[in-house]
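Here's the structure we're looking at; comments come further down.
Every read-out reported here was derived from the displayed coordinates using simple, explicitly stated rules and does not represent laboratory data. Just so we're clear, the structure is a prediction, and the values are computed from it rather than from any experiment. Cβ atoms come from the backbone with ideal geometry, glycine included; neighbour counts cover every protein chain shown.
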Amino acid sequence: MRRYRPYKNKIYICITPKRGVFKQKGPSFFVPAKRIYFYGDSAYNTHMSKERYIAHVDMDAFFAAIEQRDDPGLRGKPVIVGADPKGGKGRGVVSTCSYEARKFGIHSAMPISIAYRKCAHGIFLPVDAEKYSRVSHKMYDILYDFTPEIEPISIDEAFLDISASHHLFGGPQKLCQSIKSRIKDDIGLTASIGLAPTKMAAKIASDLKKPDGFVEVAEENLLDFLRPLDISKLWGLGAKSERLLRGMNINTVGDLAKMDINELEDLFGKNGAHFWNLANGIDEREVETACGAKSVSNEVTFDSDTSDKEKIEGALMLLCEKVSSRLRQDGLKGKTITLKIRLQGFYTFTRAVTVEVPNNFADVLYKEAKRLYNRFDTKGKRVRLVGVRVSNLFPASLQNSLFEKYTDKKIENIHKAVDKIKEKFGDTSIHRATQMEI
Ligand code: DCP
Ligand code: MG
């Protein structure tokens, strides 16, 4: 047998979270020359993966409610905020109206002359944009006390990803109730909140029990929740597409969910798969915080479609290394790890998980990406492409008290050492043992 000794006289650096960095002469396994191997283990057991909890907060009758708050004489009365009705001859529209005015069929964007006809005895008030904007700032200040992950949608409406912070407030439901109480106590107004695993469901839920509502859609009830909804509730479905579907007797989200994805793709192109996904509760869109880069990602297409688990996991590890490096270069950490899988036939899926602690460690990314991949059912199809994306980004320097207890200086130092090695010897100088060429 040929003796394989390419490692003679070479120094190998092994790094383990437990033992730190040490040097040894020659490894005990076959590895390509000039490579330094990095052994990670499950050093991140404290970083529990979590289900997604997205809250959609929407103030009730916002402009009108502020006016009622400031003038007790308006409470319980139909208040219409908007253009001057000029005795029914006014131009312009209704901005909003109190729930008492809604009973007369008045709503936002309705011509003010029609609103006047419907409720001439209503109290018509002009828009006080500056005042509403001040209240809006107070509302956002309250929301930021519960999570930094906020996507502002409008003056009175925002998405919150509370997956990582709810444990500090006694769970997702308690956190939502606390937001409602704070808004009531501090600003004297009511908000309605929808809590769900997806943005679309959270948004629909917040509207169901207005005013002062709270509706939770648990992960296991998501499909039951979506099924009876009218298809007009589906995000992004235009009036033309809606008419087309109704013509085919598809009237509810459940009807759409049962359709063949191929048929939908024939009808709506790539939007077809998107609608099918939404109808089936698949909505990986994230809460996009207003902070610079939204995500860092990398993906690879295999030379030929493959079912080889080792090859796919090797590819994932390489991708995680690259994303991790890029995050650290850019001084960022992220909390949401998304796996992208394209199967033969070009079917593309994403699966995401949010971890408690923002991080940029390749080990954590790989552990999560691998877990997502292992949970994914390819239904016997071969894999064409895999990708890894990290989002919900934070500055790496952020000493956020929400996460402080989890930071592990040792592990941080190991990654810094890896970065230094890469800086000196190049990107390919250091890899994990299971990582494969692709
Ligand atoms: N607005 C407006 N013109 C519109 C819609 C809204 O000026 N066409 C303003 C007035 C609303 C505020 O934006 O008070 C928030 O819009 P919403 O759609 O959230 O409506 P409301 O908060 O008034 O009522 P709801 O309880 O239905 O959320
Ligand atoms: Mg509102």
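Data overview
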| item | result |
| --- | --- |
| Extended-chain gain in nm, criterion 0.36 nm per residue less alpha-carbon gap, Lys240 and Phe346 | 35.5 nm |
| Listed pairs Lys180/Lys258; Lys240/Lys294; Lys311/Lys379 exceeding 28 Å between Cα atoms | Lys180/Lys258; Lys240/Lys294 |
| Total formal charge among the other residues, if their Cβ is under 11 angstrom from that of Ala279, Lys/Arg +1 and Asp/Glu -1 | +1 |
| Counting DSSP beta bridges with both ends in the stretch 49-226, the antiparallel % (nearest 5) | 75 |
| Neighbour-limited loop hits for trypsin sites (Lys or Arg not before Pro), the stretch 54-105 (at most 16 other Cβ within 10 Å; DSSP other than H, G, I, E, B) | Arg75, Lys89, Arg91, Lys103 |
| Which of Tyr366, Tyr99 has the fewest Cβ neighbours within 10 Å, and the rest in rising order | Tyr99, Tyr366 |
| The stretch 143-249: GluC sites (Glu not before Pro) in DSSP loop, at most 14 other beta carbons within 10 Å | none |
| Cleavage-rule hits (GluC sites (Glu not before Pro)) in the stretch 49-113: DSSP loop, at most 16 neighbouring Cβ within 10 angstrom | Glu51 |
| The stretch 195-241-the stretch 63-121 distance, computed between alpha-carbon centres (Å) | 28 |
| Efficiency of FRET between Lys270 and His167 - r from beta-carbon atoms, R0 45 angstrom, step 0.05 | 0.75 |
